[in-house]
Amino acid sequence: MPDKKFSTEPVSKSIKVVFNNETIVESDQALVLHEGSHQPIYYFPRSDVKMEFLNPTDHLTHWPHKGDASYFSITVGNQIAENAVWSYENLIDSAQEIKEFLAFYPGQVEFIEK
């Protein structure tokens with residue numbers, strides 16, 4: 001099993017995710033994931049995400065230190081952000097803290113800290 005190569009911590013404020021002027025997430029239970037030299041990424045509990053705006057895609061990736069990621073596109077009105085959201089549906093044992101959490105590509109959505 002690979003060594004854990006990332007860390008998570010709770011975010012101390014509420015975070016909104018907005019796409020095409022629609023709030024997709026508003027959560028005070030987000031985590032921030034730090035992984036090497038990568039930009040920190042917010043992860044949101046699935047229960048805080050308005051899943052009706054997300055459509056699963058066939059895109060899949062594998063990260064050795066987390067597992068298999070599945071992707072979603074966001075659709076609001078006539079605007080679509082393809083593969084802008086991911087979730088690790090098949091996690092390795094050392095990554096269970098992000099189970100049932102979703103992440104959004106920063107360039108695809110707006111994050112508003114409250």
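The values are calculated or read from the model by the stated rules, or taken from the named source; none is laboratory data. All of these numbers come straight from a predicted model, not from anything done at the bench. Heads up, the Cβs are rebuilt from the backbone with ideal geometry, glycines too, and the neighbour counts pull from every protein chain shown. What goes into the accessible areas is simple: the full protein's heavy atoms, side chains included, and nothing from ligands, DNA or RNA. Shrake-Rupley method; radii C 1.70, N 1.55, O 1.52, S 1.80 Å.
Please verify whether GLU82 is open to solvent by 60 Å² or more (accessible area, probe 1.4 Å), in a strand (DSSP E or B) and over 22 Å from LYS5 (Cα atoms), treating the condition exactly as stated.
Yes.
Would you be able to tell me the number of residues in segment 19-33 that are within 25 Å of ILE80 (Cβ to Cβ) and either modelled with pLDDT under 95 or within 11 Å of the chain's Cα centre (by Cα) (or both)?
2
Quick check on SER37: is it within 22 Å of VAL11 (Cβ to Cβ), among the hydroxyl-bearing types (Ser, Thr, Tyr) and open to solvent by less than 80 Å² (accessible area, probe 1.4 Å)?
no
Among the residues of segment 91-114, what is the count of those that are surrounded by 13 or more Cβ atoms within 10 Å (Cβ to Cβ) and assigned to a strand (DSSP E or B)?
Selection size over segment 91-114: 7.
For segment 34-79, how many residues are part of a helix (DSSP H, G or I) and under 13 Å from the mean Cα position of the chain (by Cα)?
Number of matching residues: 4.
Would you confirm, using the coordinates I've provided, whether SER87 is open to solvent by less than 60 Å² (accessible area, probe 1.4 Å) and more than 14 Å from PHE6 (Cα to Cα)?
Yes, satisfied.
State all residues of segment 58-79 that are under 22 Å from ASN21 (Cα atoms), open to solvent by 50 Å² or more (accessible area, probe 1.4 Å) and touching a residue at least 12 places away in the same chain (Cβ under 8 Å); if no residue qualifies, say none. Talk me through it step by step, then tell me what you get.
From segment 58-79, those under 22 Å from ASN21 (Cα atoms) are 71-79; that's our starting set.
So of that shortlist, the ones also open to solvent by 50 Å² or more (accessible area, probe 1.4 Å) come out as 77-79.
Correct list: GLY77, GLN79.
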